[in-house]
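Peer 1: Mind looking over this structure? Questions follow.
The values are calculated or read from the model by the stated rules, or taken from the named source; none is laboratory data. All figures in this text were calculated on a predicted structure; none of them were measured in a lab. Cβ atoms come from the backbone with ideal geometry, glycine included; neighbour counts cover every protein chain shown.
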Amino acid sequence: MATIAVLGTMDSKGEEHGFVADLIRQRGHQPLLIDVGTLDAPRLAPDITREQVAAEGGIDLKSLVARRDRGESVTAMSHAAPLLLARLAAENKIHAVISLGGGGGTAIATAAMRALPIGFPKLMVSTLASGNTAQYVGVKDIVMFPSIVDVSGLNRISRQILSRAAGAICGMVETTVPLAKDKPIIVASQFGNTTTCVDLCRRRLEAAGYEVLAFHATGTGGRTMESLIESGMVAGVLDITTTEWADELCGGVLSAGPTRLDAAARAGTPAIVAPGCLDMVNFLAPETVPARFASRNFYQHNPQVTLMRTTPDECAQLGKIIAQKLNASTGPVTVLWPLRGISIISAPGQKFHDPAADRALLDGLKATLRRGISLVELDCAINDAPFADACVKALLANLVAPKK
C-alpha cells in the first residue's frame with residue numbers, strides 16, 4: 001500500500017479532492033489530505049492542516065487570513081507547500097502526489113511538486129493544462145492532466161476526469177521500475193547539428209562503462225541537465241552543445257537562462273566543454289524574427305525554426321561569458337575547440353561559415369579563461385571522429401583527476 005498525498009485548496013475544492021481520495025482508498029492505497037487553502041474554512045477535514053503547512057514555511061497564517069489577499073495567500077502557500085512535500089518524501093511518508101485546481105491551486109501544487117525528485121509520481125489536474133505549461137512543470141516530470149471543465153463540483157464530465165486521474169496516480173505508484181545494474185551517469189548536450197559527435201562519444205563512453213543521458217539544447221533541455229547535475233547523480237558532463245547561451249545573449253527562443261553552465265562548476269563535476277552551435281540563434285517561423293535583425297544572415301532549418309548567425313561582436317561576448325562560467329569551476333574541466341567548424345553549417349562552404357566570428361569567439365574565451373583550465377584546439381570539425389575521440393579522452397582523464 002502506498003501513501004498518496006492529495007494536496008489542494010480544501011476551502012474551494014474540498015469536495016473534488018475528497019472524491020479523488022475515496023477512489024484512491026478503493027484501489028487499496030492511503031490518501032494523505034493536505035490543505036493549502038487560506039480564505040475560507042475547509043470543506044473536509046484534512047490530515048495535514050493549513051496551519052501545519054504554513055508553519056513549515058514560517059508563515060503567520062492568522063495575519064495572512066485576516067488580509068484576505070488571494071495573491072499573497074497563493075504566494076505564501078507556494079513557499080510553504082514545497083518545504084512540506086519535500087520533507088514528507090525524504091522521510092518516505094508519501095510515495096506520490098495528486099492535486100486539482102485552477103490558477104491558484106495549480107501554482108501552489110506544482111511549486112510543491114517541483115520540489116520532489118525526478119521519478120517521484122506527480123499529477124496535476126488543472127484548468128491550465130494546455131498551451132505553454134513550462135512555468136508549472138519547470139524541469140520536473142509533472143503530469144499535467146486537463147480538467148476539461150472547471151474544477152468546480154462533481155458532474156458527468158468532472159467525475160470521468162477525476163476518476164481517470166485517480167487511476168493514473170495509483171497506476172504510477174503500482175508500477176515497478178525494472179531493475180538494472182546502475183552505471184555512472186554522463187550527461188551530454190546535443191543539437192541536430194552536433195548529434196554525430198555526441199553519438200560517437202556515447203558509444204565510446206558506454207564501452208568504458210558509463211551510461212550517457214543526452215539532453216536536447218532547447219532551453220528546457222539545458223535547464224533539466226543543469227538540475228540533474230545539481231542533484232549529485234552525475235559523474236561527468238559532456239557539454240558539447242553550449243548553444244543556449246547564444247539564445248540567452250541575443251534574445252532567441254531556446255535560452256536556458258543565465259545560470260546555464262553553473263551547476264558543474266559549483267559542484268566540481270568533471271566536465272568537458274565545447275562551443276557547439278554557438279554560431280546560431282533560434283527563432284520560430286521567419287515572421288517571428290524581430291525586425292531589428294532584418295539584415296542578418298539566416299538559415300531556414302525547417303518551416304518552424306529559423307536560425308540566425310551570430311556576429312563577431314556577439315561571438316566575442318559569448319567567448320567571454322563561457323570563460324567566466326568555467327572560471328568558477330572547482331573540479332577538473334577542459335575546453336575542446338574544433339577549428340574547422342562548430343556546427344555542420346559553420347564548416348567551409350556552408351551558410352554560416354564565418355571565420356571572423358569563429359575567431360572572435362575563440363579570442364574572447366582565451367582572453368578571459370583563467371590559468372589552470374586546459375584549452376585544446378583541434379584541426380577538425382565538431383562532428384569529426386578525432387574531435388569525439390579527444391572529448392572522450394579528456395573527460396575520462398577528468399573523471400579520475402582530483403578536485404582543486
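Peer 1: For the range 276-325: of the residues being hydroxyl-bearing (Ser, Thr, Tyr) and surrounded by 15 or more Cβ atoms within 10 Å (Cβ to Cβ), which is nearest to the chain's Cα centre (by Cα)?
Peer 2: 306
Peer 1: Residue by residue through the range 377-404, note down the ones that are farther than 21 Å from residue 340 by Cα and either among the charged types (D, E, K, R) or out of contact with any strand residue (DSSP E or B) (no Cβ under 9 Å at 6 or more places or on another chain) (or both).
Peer 2: Once the filter is applied, which keeps residues that are farther than 21 Å from residue 340 by Cα and either among the charged types (D, E, K, R) or out of contact with any strand residue (DSSP E or B) (no Cβ under 9 Å at 6 or more places or on another chain) (or both), the range 377-404 yields 400, 401, 402, 403, 404.
Peer 1: Report, by residue number, each residue of the range 139-159 that is among the basic types (Lys, Arg) and either more than 29 Å from the chain's Cα centre (by Cα) or within 15 Å of residue 169 (Cβ to Cβ) (or both).
Peer 2: Matches in the range 139-159: 156, 159.
Peer 1: Also, I was wondering about something else. How many residues, within the range 117-140, are closer than 23 Å to residue 225 by Cα, part of a loop (DSSP other than H, G, I, E, B) and in contact with a strand residue (DSSP E or B) (Cβ under 9 Å, 6 or more places away or on another chain)?
Peer 2: Result for the range 117-140: 4.
Peer 1: If only one of 33, 23, 7 is buried (at least 16 other Cβ atoms within 10 Å of the Cβ) and in contact with a Pro (Cβ under 6 Å, 6 or more places away or on another chain), which one is it?
Peer 2: Unique residue meeting the criteria: 33.
Peer 1: Determine, yes or no, whether residue 169 is outside the structural domain of residue 253 (by TED's automatic domain parsing) and either part of a helix (DSSP H, G or I) or among the small types (Gly, Ala, Ser) (or both).
Peer 2: Against the criterion (outside the structural domain of residue 253 (by TED's automatic domain parsing) and either part of a helix (DSSP H, G or I) or among the small types (Gly, Ala, Ser) (or both)), residue 169 qualifies.
Peer 1: Which one is farthest from residue 67 (Cα to Cα) among residues in the range 19-46 that are among the charged types (D, E, K, R) and out of contact with any helix residue (DSSP H, G or I) (no Cβ under 7 Å at 6 or more places or on another chain)?
Peer 2: Applying the filter and picking the extreme gives 25.
Yes/no matrix, rows are residues, columns are (1) closer than 20 Å to residue 392 by Cβ; (2) in contact (Cβ under 8 Å) with a residue 12 or more places away in the chain:
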{"position": "221", "(1), (2)": "no, yes"}
{"position": "224", "(1), (2)": "no, yes"}
{"position": "232", "(1), (2)": "no, yes"}
{"position": "235", "(1), (2)": "yes, yes"}
{"position": "242", "(1), (2)": "yes, yes"}
{"position": "264", "(1), (2)": "yes, yes"}
{"position": "274", "(1), (2)": "yes, yes"}
{"position": "284", "(1), (2)": "no, yes"}
{"position": "292", "(1), (2)": "no, no"}
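Peer 1: Can you name every residue in the range 294-325 that is in contact (Cβ under 8 Å) with a residue 40 or more places away in the chain, among the hydroxyl-bearing types (Ser, Thr, Tyr) and assigned to a loop (DSSP other than H, G, I, E, B)?
Peer 2: If the condition is that a residue be in contact (Cβ under 8 Å) with a residue 40 or more places away in the chain, among the hydroxyl-bearing types (Ser, Thr, Tyr) and assigned to a loop (DSSP other than H, G, I, E, B), then 310, 311 are the ones that fit.
Peer 1: Given the residues 164, 159, which is the only one that is among the charged types (D, E, K, R), over 30 Å from residue 344 (Cβ atoms), assigned by TED's automatic domain parsing to the domain that holds residue 84 and in contact (Cβ under 8 Å) with a residue 40 or more places away in the chain?
Peer 2: Checking each option against the conditions leaves just 159.
Peer 1: Right, next: Answer yes or no as to whether residue 328 is closer than 23 Å to residue 231 by Cβ, surrounded by fewer than 14 Cβ atoms within 10 Å (Cβ to Cβ) and hydrophobic (A, V, I, L, M, F, W, C).
Peer 2: Here the answer is yes, as residue 328 does meet what is asked.
Peer 1: Continuing with this model, one more query. Confirm whether residue 262 is surrounded by fewer than 18 Cβ atoms within 10 Å (Cβ to Cβ), assigned by TED's automatic domain parsing to the domain that holds residue 347 and of a type in the set (D, E, K, R).
Peer 2: yes
Peer 1: Small (Gly, Ala, Ser), surrounded by fewer than 22 Cβ atoms within 10 Å (Cβ to Cβ), assigned to a helix (DSSP H, G or I) and modelled with pLDDT of 95 or more, is that true of residue 360?
Peer 2: Answer is yes for this residue.
Peer 1: Moving on to the next point. Residues of the range 116-127 being farther than 18 Å from residue 37 by Cβ and crowded, with 18+ Cβ neighbours inside 10 Å, which ones?
Peer 2: If the condition is that a residue be farther than 18 Å from residue 37 by Cβ and crowded, with 18+ Cβ neighbours inside 10 Å, then 116, 120, 121, 122, 123 are the ones that fit.
Peer 1: Hey, another quick one. Exactly one of these conditions fails for residue 375: (1) closer than 24 Å to residue 312 by Cα; (2) in contact with an Asp or Glu (Cβ under 8 Å, 6 or more places away or on another chain). Give me its number.
Peer 2: Status for residue 375: all satisfied but (2).
Peer 1: Which is within 30 Å of residue 208 (Cβ to Cβ) and either out of contact with any Pro (no Cβ under 6 Å at 6 or more places or on another chain) or polar (S, T, N, Q) (or both), of 243, 288?
Peer 2: After ruling out the rest, the residue left standing is 243.
Peer 1: What number goes with the only condition from (1) over 30 Å from residue 301 (Cβ atoms); (2) touching a residue at least 60 places away in the same chain (Cβ under 8 Å); (3) touching a strand residue (DSSP E or B) at 6+ places or on another chain (Cβ under 6 Å) that residue 374 does not pass?
Peer 2: Every listed condition holds for residue 374 apart from (2).
Peer 1: Another one. For the range 186-245, which positions are assigned to a helix (DSSP H, G or I), hydroxyl-bearing (Ser, Thr, Tyr) and under 21 Å from residue 310 (Cα atoms)?
Peer 2: 194, 195
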